[in-house]
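Take a look at the structure set out below.
Since every read-out is calculated from the coordinates, none of them should be taken as a lab result. In this text the structure is predicted, and so the values were computed from the model without any measurement. Methodologically, a virtual Cβ is constructed for each residue, glycine included, from the backbone with ideal geometry; neighbour enumeration extends over all protein chains shown.
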Amino acid sequence: MATDSQRGYYALVYKYVPDMINKRDVARNGHLEHFQALAAKKKLAMGGAFLEPLDQGLLIFRDSTKEEVESYAQEDPYMKAGLITEWSVRKYAKVLGDVD
């Protein structure tokens, strides 16, 4: 069981396949549904993609452990469709702002 010190904010960073904008349609609806469900449970604080170029994604989770976030990534339809070339999970220090 996770201790309180292991729970907190975590950043999930994805690196996408080249030409993601034209390849993502096959899994986009499932990807959005997957993370919308986590947002509804207040686990996902925010998520989106870096633009110009569209080559990476960033999702910030709250009240989670690293293992939980890794599990969320492995269940992502983008991951299952082979659209993610690299990914990492890092503990994140929220200093300013609030996302609800």
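How much length, in nm to one decimal, is gained on full extension between Gln36 and Glu67, taken as 0.36 nm per residue of separation minus their Cα-Cα distance? The partial results should precede the final answer.
Working: separation 31, 0.36 × 31 = 11.16 nm, distance 1.93 nm.
So the chain would gain 9.2 nm between Gln36 and Glu67.
Kindly identify the chain as rounded, prolate or oblate by the Cα gyration tensor criterion: order the square roots of the eigenvalues as a ≥ b ≥ c, call it rounded if a/c is under 1.5, otherwise compare a/b with b/c, prolate if a/b is larger, else oblate.
On the way: a/c = 1.86, a/b = 1.67, b/c = 1.12.
The shape class here is prolate.
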**OP:** Considering Cα pairs under 8 angstrom that are at least six residues apart, work out the relative contact order of the range 1-98 and quote it in whole percent.
**Re:** 46
**OP:** Could you list, in their original order, any pairs among Lys15/Lys43; Lys42/Lys66; Lys23/Lys80; Lys15/Lys94; Lys42/Lys94 whose Cα atoms are separated by more than 18 Å?
**Re:** Lys15/Lys43; Lys15/Lys94
Original post:
In debye, nearest 20: dipole of the range 8-91 around its Cα centre with unit charges on the Cβ of K, R (+) and D, E (-)?
Top reply: 240
Original post:
Order of 35-48, 10-23 by packing, highest average Cβ count within 10 Å first?
Top reply: 10-23, 35-48
Subject >> Proximal charge balance of Ala37 [Cβ under 13 Å; K/R count +1, D/E count -1] >> reply: 0
